[in-house]
């Protein structure tokens, strides 16, 4: 009887052990399938994102080519130059585009387009008659951002206007992410001599997002080196992610004759000091930059 009871217990133990083993194997099997499924889905999503970025890059390049081609065609038709005699009997070169642009510039200088310009791009005049685009207009939308395609259009417009702009940009890293300082100067058609500088964050493909969260105290001045004149000196009290200025009374300037100076003042907050250190690490030693560790300022002169 004792042996029978002992055998019964052993059999029960083996049965229980077998059931537990089966349950364990089922759990491991389902877990393995779940892990394989998750890895497969991750791989698919990663490939979809890679394909999307590739598509955006290809489309951006194609759009840039198409816009450049169309702008060339438009320019060729618009700049149908003719030599005519003015009211004083002197010969001068004219074209439909030049006549329209001259009228556009004159209306801007006289203040006739102030409301339209404010409505279109959010630019308001200061007490000295210089335009400055607001910090919270449509350009501040994160996804509007900036990329080389925009610069292509900007350059084409400058060529049509007879004054190609200068563009400066420099990437830097902060907390494992890529940011860029992007700056411009030149003749902004009807807005006249102008300059801008903005901070952007690396987005999708070659597109950069607007980095409004990195706004700092900035001062921007623009000088005409040919005549040694200060075109404007702008020192807003509001923090800027994109400081800018345009003087409609200075028309027809060449970008190479302009000197743009931007002073970025960083506060004592940890976030601003992180930005200062990241910017200083990249810009230190570059001829366009002056980094002042004591005053916590970064100055771009170009």
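A few notes on this one:
- Modelled FRET efficiency - R0 22 Å, residue 40 with residue 173, Cβ distances, 0.05 increments: 0.10
- Computed helical MRE - 222 nm, the chain, DSSP H runs ≥ 4 contributing -39500 (n - 2.57), nearest 500: -15000 deg cm²/dmol
- Ordering of 41-53, 115-127, 187-199 by burial proxy (mean other Cβ atoms within 10 Å per residue, highest first): 187-199, 115-127, 41-53
- Taking the C-alpha atoms only, the angle from helix 96-109 to the longest principal axis of the chain is near 90 degrees.
- For the stretch 153-293, the relative contact order works out to 23 percent when only alpha carbon pairs closer than 8 Å and six or more residues apart are counted.
- Whole-number Å³ per residue for the convex hull built on Cα positions in the chain: 210
- Helix 148-161 and the longest principal axis of the Cα set of the chain meet at an angle near 10°.
- Tilt relative to the chain, helix 270-283 - C-alpha long axis, 0 to 90 degrees, to 10: 70
Every number in this text was worked out from the coordinates using simple rules, so none of it is lab data. Quantities reported herein were computed from a predicted structural model and do not represent experimental measurements. FYI the Cβ positions are ideal-geometry reconstructions off the backbone, even for glycines, and counts take in every protein chain you see.
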